[in-house]
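A.B. asks: Structure incoming, see below.
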Amino acid sequence: MASLVTDMVKLFVSLGVNQSLLLQIALFMVVFLVLKYALFGPYFEIYKERQNRTVGKTELAERFLAETEELQKEFARKAAEVSEKYKAVHDETRQAAQKEYDGLITSARTQARNKIEETRATIQKEVQGARSQLSREVASISQLINQKLVGKEIKS
């Protein structure tokens, strides 16, 4: 093992390492500790705080997005329910209106048919009355026509 240590010492001497190595290590440790507590410590604390704020806000935003998606799904479901209810009420009202329309049309057609029948009966009576009156006046009218044609009064 002694030969190993001597070989290492020879190696360090050949590399240019001497007694100033301990001084360099001590200076490095002093500078490192000063920088760690004066510069790196506060920097990493601020960095961690920033990470917490950023990651925390990101998680909060993701939670809000998830809640928003849930609310959109619930809104869509409720809108579909309302739409179905509206459609049911609309269809029901439409059917009732169609029945009322059909009833009114049937009633109007019946009234129109009755009015037409009454009018036909009235017209037929008036035609019969006019025919009977014409048949009574046919003799006097034909006598007037003959008089006009002949030019003299004809006595029957």
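A.B. asks: Can residue 60 be described as of a type in the set (A, V, I, L, M), open to solvent by 90 Å² or more (accessible area, probe 1.4 Å) and part of a helix (DSSP H, G or I)?
C.D. replies: Criteria not met by residue 60.
A.B. asks: I need the full set of residues from region 8-45 which are acidic (Asp, Glu) and surrounded by fewer than 10 Cβ atoms within 10 Å (Cβ to Cβ), in order please.
C.D. replies: Listed by number, the list is empty, since nothing qualifies.
A.B. asks: Being part of a helix (DSSP H, G or I) and within 26 Å of the chain's Cα centre (by Cα) is the requirement here; does residue 87 meet it?
C.D. replies: yes
A.B. asks: Can you find a residue that is modelled with pLDDT under 95 and loosely packed, with under 10 Cβ neighbours inside 10 Å anywhere in region 116-135?
C.D. replies: For region 116-135, residues modelled with pLDDT under 95 and loosely packed, with under 10 Cβ neighbours inside 10 Å: present.
The values are calculated or read from the model by the stated rules, or taken from the named source; none is laboratory data. Source: prediction; values computed, not measured. Don't worry about glycine lacking a Cβ; one is built from the backbone with ideal geometry, like all the others, and counts go over all protein chains shown. The area values use the complete protein model at the heavy-atom level, side chains included, leaving out ligands, DNA and RNA. Shrake-Rupley method; radii C 1.70, N 1.55, O 1.52, S 1.80 Å.
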